[in-house]
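The values are calculated or read from the model by the stated rules, or taken from the named source; none is laboratory data. Because the structure is predicted, anything quoted here is derived from the model rather than measured. Neighbour counts are summed over all protein chains in view; Cβ atoms, including those assigned to glycine, are modelled from backbone coordinates with ideal geometry. The protein model used for the area step is the full one, side chains on, heavy atoms only, and it has no ligands, DNA or RNA in it. Shrake-Rupley method; radii C 1.70, N 1.55, O 1.52, S 1.80 Å.
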Amino acid sequence: MSWKDRFAVAWTRASGAPEKLADMVLTETELRVTFSDPARRSGIPGLSMLHDMSGDSILVYPRNGSRVLPPQLRALLPPDAALNPQRRMLLDLMLASGRSITGLPTELQQWEMLVFAGRNAVGHIDVFENDRDAQDYYTRNYGSVQPEGRSGLKDLKLWGAFRKYVSQSLPTVEEDQLKATLGPTPGVAGFVPKMLCTIELESDGSWKGKTSGKPAGEEGGQDTVSALVKIEQNSYPGLLQLESLAYEYHRKAGIFDVPRTWLLETTVNNEPLIALASERFDRNQGVPLPLESMYSILHTGSPTKYLCNTDGSIEKIGEVLNKLRFPYGEVERFYAQFVMSLLTGNGDLHTDNIAILTDPNKHGMNRYRLSPLFDPAPMRAYRGRHSHNVLSALPFGGGEPTDTTGSATPGDLFDRMMSVAKAMGIKHTRAKGLAKQLHQVTEPYLQEAIELLRSIPKDRRPNNLAPDIDGFEATIQEVRSAIARGWSGHASKSPPTPSLMFSNKQN
Ligand SMILES: Nc1ncnc2c1ncn2[C@@H]1O[C@H](COP(=O)(O)OP(=O)(O)OP(=O)(O)O)[C@@H](O)[C@H]1O
Ligand SMILES: [Mg+2]
């Protein structure tokens, strides 16, 4: 079959008003992006901070098998997993509008999804098939006319329906209502089912599940908040409660920028509903702020070297931040985030969970900073599953004798942490002090996490899905004692405890 080039355009509202960013063409060999001259002249953030710094007007992303979209465009789509709820919804909506993509090669499916719904997602990039569609969209959604959809299901009814949709048990009539309510919602990366929407708080600042009916990203007053809401799936009982606890401990540490979060634990039609909302930091009174993952930055810098979000290392990220002349405080904050990820059993600090937020109103390097914290989910509580029991998603401190991306806690963990700090330009005494401080802050964390997991009713954690509470406890204690041994000067080079040496990567 002969190849037919595909065209699309990128626009943004990052300056407060819609502006065209670029023309895009997908050829048989590459994705070519040509920036519009006015956008280049105005200095509005484009597709990647590295490109903005270089000032290039034309970017070329070579196609690599089924990888056609660079990470920053891929981030506008739901994950590829067939059962992912956002993906299912998008495919159904495309089918209903006569744009079925069944049977197309993966890369073209992604392209079609991008032009169908790749807008008003996380960050500032909006993609359309052509300029007229873009103008129509902005007039419809941000002009005088009320946005389509969004008027159907509300509040707990919406969450109840979404939860059922996630577990594929929603009756067809309600499914139609849900789709009419949500419309072609943008995709949000990550494996947990989630939705971007505006939530409404109670007068005491709590969230009882109310939604405001406004489009995602539009704020309507003091009590409405643009949020990213995750819904608990049956297969990960307790995950959102644990994530909420991890957020709390990051707040307690006092050195992180942590968004407001609200945990909702309730029932809808006698079935449990657990949701975690976090305030969107990529919106400022409805205006999008560019948010680019570290994966996207690494990939943009070396497209053939960084092909997934576990390529690279903790040191590499420090190196990037230093090379780009991020203030020292930001580098130190990233180091502290890494230490917290070890102490909380997160194991999931990959390059899609680290991002740079841009303030388009500032200039030079002042416009960039590490984004507020997100996704501190303690995945090691689900040790029995594929890739959920790794000490660190990214390697650090040298790979021998134990790979730090396995499940074992190296006896010399502390030394490795110190070598990471050194590579980042953090003084030994400061790195040690931070490790000690965060060790102390997280002292009660393990007990709270265990109690939380044990309090989940047994019927929500059947044997095959239950978190591995004992394993989680053992692994966090291992980490804690390795760090404590280190700062007291008794770091050991001995091999890790044999019982903890299995790696989930094989499971
Ligand atoms: N509060 C927030 N404001 C703006 N964007 C956010 C916020 N929280 C998360 N994001 C964005 O949404 C994406 C998905 O969120 P998150 O990483 O929490 O999901 P996840 O499904 O747990 O991911 P993973 O697959 O890494 O486990 C993030 O990569 C980030 O770009
Ligand atoms: Mg994530």
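Near the amide H of Leu273, within less than 5 Å, lie the amide hydrogens of Thr266, Thr267, Val268, all on another chain or at least 5 residues away, with H placed in the peptide plane. When Glu112, Glu319 are compared by accessible area at a 1.4 angstrom probe, the order from most to least is Glu319, Glu112. In this simple spin-label model, placing a label point 7 Å from the Cα along the Cα-to-Cβ direction at both Ser167 and Asn322 gives a separation of 5.0 nm.
Mean sequence separation of contacting Cα pairs (under 8 Å, at least six apart), scaled by the length of the chain, corresponds to a relative contact order of 12 percent. Per-residue 3J(HN,Hα) values for region 273-286, derived from phi via the Karplus relation 6.51 cos²θ - 1.76 cosθ + 1.60 with θ = phi - 60°, read 10, 10, 9, 10, 9, 10, 5, 6, 9, 9, 9, 10, 6, x Hz in sequence order (x marks Gly and Pro).
Of His428, His250, the residue with the largest accessible area leads and the full order is His428, His250 (1.4 Å probe). Among rounded, prolate and oblate, which fits region 187-283 when a ≥ b ≥ c are the square roots of the eigenvalues of its C-alpha gyration tensor, a/c under 1.5 means rounded, and a/b larger than b/c means prolate? Cα axes put region 187-283 in the rounded bin.
Solvent exposure of Leu307, expressed as accessible area, is near 50 Å², computed with a probe of 1.4 Å over the protein chains only.
For region 1-143, the average shadow cast by the Cα convex hull is 9.1 nm², which is a quarter of the hull's surface.
Remark on Glu30: its backbone amide H falls under 5 Å from those of Arg63, a criterion applied only to residues 5 or more positions apart or on other chains, H modelled at 1.01 Å from N. Rounded to the nearest 20, the Cβ-based charge dipole of region 10-70 about its Cα centre (Lys and Arg +1, Asp and Glu -1) stands at 120 debye. With a simple spin-label model that places each label point 7 Å from the Cα along the Cα-to-Cβ direction, the separation between Met53 and Asn130 comes to 3.8 nm.
Express the carbon and sulfur contribution to the solvent-accessible surface of the chain as a percent, rounded to the nearest whole number, probe 1.4 angstrom.
Details: 10640 of 21220 Å².
Within the chain, the accessible surface is 50 percent carbon and sulfur.
Would you mind calculating the gained length between Ala484 and Glu248 on full extension (0.36 nm times residue separation, minus the Cα-Cα distance), in nm to one decimal? Write down the numbers at each step before the final one.
Details: separation 236, 0.36 × 236 = 84.96 nm, distance 2.24 nm.
Residue separation times 0.36 nm, minus the Cα-Cα distance, leaves 82.7 nm.
Please compute the Kirkwood hydrodynamic radius of region 364-491 from all pairs of different C-alpha atoms, in Å with one decimal. Mind dumping the intermediate values first?
Working: mean 1/r = 0.0605 Å⁻¹.
Evaluated over region 364-491, this radius sits at 16.5 Å.
A Förster distance of 30 Å, applied to the separation of the beta-carbon atoms of Glu202 and Asn464, puts the FRET efficiency at 0.20. Rolling a 1.4 Å probe over the protein heavy atoms gives the chain an accessible area of 42 Å² per residue.
Rounded to the nearest 20 debye, the dipole size of region 187-283 about its Cα centre is 160 debye, using +1 on the Cβ of Lys and Arg and -1 on the Cβ of Asp and Glu. Each Cα pair under 8 Å and six or more residues apart adds its separation to the average, and for region 18-152 the resulting relative contact order is 16 percent. Phi angles across region 5-16 convert, under the Karplus curve 6.51 cos²θ - 1.76 cosθ + 1.60 with θ = phi - 60°, into 3J(HN,Hα) values of 4, 10, 10, 7, 10, 10, 10, 8, 10, 4, 8, x Hz, Gly and Pro given as x. When the surface is traced with a 1.4 Å probe over the full set of protein chains, Lys4 keeps roughly 130 Å² accessible.
If R0 is 22 Å, the Cβ-Cβ spacing of Glu451 and Asn234 corresponds to a FRET efficiency of close to 0.55.
Where does region 278-377 land on the Kirkwood hydrodynamic radius, alpha-carbon pairs, in angstrom?
Numbers: mean 1/r = 0.0702 Å⁻¹.
It works out to 14.2 Å.
The label point for Asp176 and the one for Lys422, both projected 7 Å from the Cα toward the Cβ, are 6.8 nm apart.
Derived scalar couplings between HN and Hα for region 122-134 equal 5, x, 10, 8, 10, 10, 9, 6, 7, 5, 5, 4, 4 Hz in order, rounded to whole Hz, by the Karplus curve 6.51 cos²θ - 1.76 cosθ + 1.60 (θ = phi - 60°), x for Gly and Pro. Helix 328-343 axis versus longest C-alpha principal axis of the chain: approximately 70°, rounded to the nearest ten. P(r) for the chain, from all Cα pairs and a bin width of 20 Å, is 22, 56, 21, 0 %, short bins first.
Taking amide H as placed 1.01 Å from N in the peptide plane, Leu153 has its amide H under 5 Å from the amide H of Thr181, each at least 5 places away in sequence or on another chain.
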